[in-house]
Amino acid sequence: MRIAVLGVGLIGGSIGLASRDRLGARVAGYDPDQGILDRALELGAIDEVAPSPAEAAAGADIAFCAAPVHELPGLVEAALAAGGDAVVSDVGSTKRELVARVAAHPDAERFIGGHPIAGAESAGVEHARAEVERRLGAAGD
């Protein structure tokens, strides 16, 4: 399995770590900051660096777009334009602009809007983790 992570910070790095640990997936990472990519590679959050979002998504089974909300439409469009039949998802907390732009794309049916179930008081790939914690609420759910 090949996973593309477009944006390798806290959430993208966690997706990469979990994909490698749990699925044995090969993870291609893209980030506009070469220093972040170098660190993600060093930490094992990704297996390979891609020079563009489209190159990361090419040949992927799933592409996760994990960047600030205002950057997501461009990343999702690039992942969809890479071709293939990869499912493309995002970790953004809002969807209005994203869905409006993606709806016009010829491959829009491959996009599944997501939302993070991760996060922390810290940021950056160095704080990424593969495990998911279950936190019980007051009602025990």
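The values are calculated or read from the model by the stated rules, or taken from the named source; none is laboratory data. From a predicted model like this one, the values you see are computed outputs, not experimental measurements. Neighbour counts run over all protein chains shown; Cβ positions are idealised from the backbone, glycine included. With ligands, DNA and RNA removed, areas are computed over all heavy atoms of the protein, side chains included. Shrake-Rupley method; radii C 1.70, N 1.55, O 1.52, S 1.80 Å.
Looking only at the stretch 78-94, residues that are closer than 11 Å to residue 6 by Cβ and among the charged types (D, E, K, R) come to 1 in all. Taking the criterion of being without any contact (Cβ under 8 Å) to a residue 24 or more places away in the chain, aliphatic (A, V, I, L, M) and over 21 Å from residue 20 (Cα atoms), would at least one residue in the stretch 72-91 satisfy it? No: the stretch 72-91 contains no residue that is without any contact (Cβ under 8 Å) to a residue 24 or more places away in the chain, aliphatic (A, V, I, L, M) and over 21 Å from residue 20 (Cα atoms). Among the residues of the stretch 108-124, are any in contact (Cβ under 8 Å) with a residue 12 or more places away in the chain, open to solvent by 70 Å² or more (accessible area, probe 1.4 Å), among the β-branched types (Val, Ile, Thr) and in contact with a strand residue (DSSP E or B) (Cβ under 8 Å, 6 or more places away or on another chain)? Checked against the condition, which is being in contact (Cβ under 8 Å) with a residue 12 or more places away in the chain, open to solvent by 70 Å² or more (accessible area, probe 1.4 Å), among the β-branched types (Val, Ile, Thr) and in contact with a strand residue (DSSP E or B) (Cβ under 8 Å, 6 or more places away or on another chain), the stretch 108-124 yields at least one hit. Out of the stretch 72-85, which residues are in contact with a strand residue (DSSP E or B) (Cβ under 8 Å, 6 or more places away or on another chain) and modelled with pLDDT under 95? Correct list: 82 only.
Look at (1) closer than 18 Å to residue 86 by Cβ; (2) in contact (Cβ under 8 Å) with a residue 60 or more places away in the chain and you find that residue 14 fails only one, number (1).
For every residue, the table says whether it meets (1) in contact with a Cys (Cβ under 6 Å, 6 or more places away or on another chain); (2) under 17 Å from residue 123 (Cα atoms); (3) hydroxyl-bearing (Ser, Thr, Tyr); (4) at pLDDT 95 or above.
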site	(1), (2), (3), (4)
7	no, yes, no, yes
14	no, yes, yes, no
22	no, no, no, no
25	no, no, no, yes
31	no, yes, no, yes
37	no, yes, no, yes
40	no, yes, no, yes
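Residues that are assigned to a helix (DSSP H, G or I) and not small (Gly, Ala, Ser) were ranked within the stretch 6-17; the one that is farthest from residue 68 (Cα to Cα) is 17.
Can you tell me which residue within the stretch 103-121, out of those that are closer than 18 Å to residue 67 by Cβ and not in a loop (DSSP other than H, G, I, E, B), is modelled with the highest pLDDT?
Result: 111.
Remark: residue 99 matches the filter, which requires a residue to be in a helix (DSSP H, G or I) and modelled with pLDDT under 95.
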